[in-house]
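*Asks:* First the structure, then my questions, so here it is.
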Amino acid sequence: TVLRPLLFESIGQTLEMVLVTMIVGGILGLILGVVLYGTRPGNLFENAVVYRILDVIVNIIRPIPFIIFLAAMQPLTIKVIGTSIGTAAAIFPMTMATSRLVEQNLVPVDSGVIEAARAMGASKFTIVRTVLIPEALAPLILAYAFLFIGVLDMSAMAGYIGGGGLGNFAIAYGYQKFDQTVTWTAVIIMIVLVQVVQGVANAIAKHLLKR
């Protein structure tokens, strides 16, 4: 009962971190994914230099465990946010990490569909807007569900830097105080959040695939 207000506050902080990260990181990741896809040899915006540079950067960042990425990003986080502690400080590196997750899950579209659009005289940016993204929309919805799980996991780990949210709640009031009830309450809430988002994403993707 005493911890109930803190629990609700932690849920709000987790949702804030996840939603801001999903929106900002998702948009950045989608842009990065489209650029990586489009600049590959033989694709819409073929550019070997841009593709190689982005590919190297993504491949360097991708294998770094997020908890290490959090620590490594602290100097840049302090310069951009002004602090390395708190919810806002956790959102910044989470957004950076999320961009690579979206790019990783951007499903390549059948080149035949793109060639057909080009043959009809559609511009490159029109093809991206009306062919590439719509054709990959259903898989991207499922990727976003996977992304939500990854970001939720990041938000929990962000508790280690005082990022707030359910992760910090479970660590500070559960793990450190040896209270399994508090720990499992946080775990169950996260499981429910994941199940709800996964169910909604599956339903939307199924509807899009039928169209």
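*Asks:* Hey, can you find the accessible area per residue of segment 22-61 for me, probe 1.4 Å, expressed in square angstrom?
*Replies:* Accessible area per residue, segment 22-61: 55 Å².
*Asks:* Taking 0.36 nm per intervening residue step and subtracting the Cα-Cα distance, what contour gain separates SER111 from ASP179 on full extension?
*Replies:* Separation in residues times 0.36 nm, less the Cα-Cα distance, equals 19.0 nm.
*Asks:* Right, another one. So how exposed is TYR173, as accessible area in Å² (1.4 Å probe, rounded to 10)?
*Replies:* 70 Å²
*Asks:* Ordering ARG62, ARG129 from largest to smallest accessible area (1.4 angstrom probe), what's the sequence?
*Replies:* Largest to smallest exposure gives the sequence ARG129, ARG62.
*Asks:* Apply 1/(1 + (r/R0)^6) to the Cβ-Cβ distance of ILE53 and VAL2, taking R0 = 45 Å, and write down the FRET efficiency to the nearest 0.05.
*Replies:* Efficiency at R0 = 45 Å is approximately 0.25.
*Asks:* Just to be sure I understand the model, the point goes 7 Å from the Cα along the line to the Cβ. What's the resulting ILE68 to ASN202 distance in nm?
*Replies:* So the two model labels end up 3.4 nm from each other.
*Asks:* Assuming R0 = 22 Å, what is the FRET efficiency of GLU46 and THR126, from their Cβ-Cβ distance, to the nearest 0.05?
*Replies:* Values: r = 17 Å, r/R0 = 0.79.
Given R0 = 22 Å and the Cβ-Cβ separation, E is 0.80.
*Asks:* Using 16 Å as the cut-off for backbone N distance, which residues of segment 128-155 belong to the label zone defined by a point 7 Å from the Cα of LEU209 along Cα→Cβ?
*Replies:* Inside the label zone: 135-146.
*Asks:* Given a Förster distance of 41 angstrom, what is the FRET efficiency for LEU76 paired with ALA119, based on the Cβ-Cβ distance and rounded to 0.05?
*Replies:* Plugging the Cβ-Cβ distance into 1/(1 + (r/R0)^6) gives 0.35.
*Asks:* Arrange the residues MET190, MET17 by how much accessible surface each exposes, largest first, with a 1.4 angstrom probe. All intermediate terms of the calculation are to be shown ahead of the outcome.
*Replies:* Details: MET190 40, MET17 0 Å².
The residues order as MET190, MET17, largest area first.
The values are calculated or read from the model by the stated rules, or taken from the named source; none is laboratory data. Please read all numbers here as calculations on a predicted model, not as lab measurements. Reconstructed Cβ throughout: ideal geometry from the backbone, glycine too, with neighbour counts over all protein chains shown. Heavy atoms of the whole protein, side chains included, go into the accessibility calculation; ligands, DNA and RNA do not. Shrake-Rupley method; radii C 1.70, N 1.55, O 1.52, S 1.80 Å.
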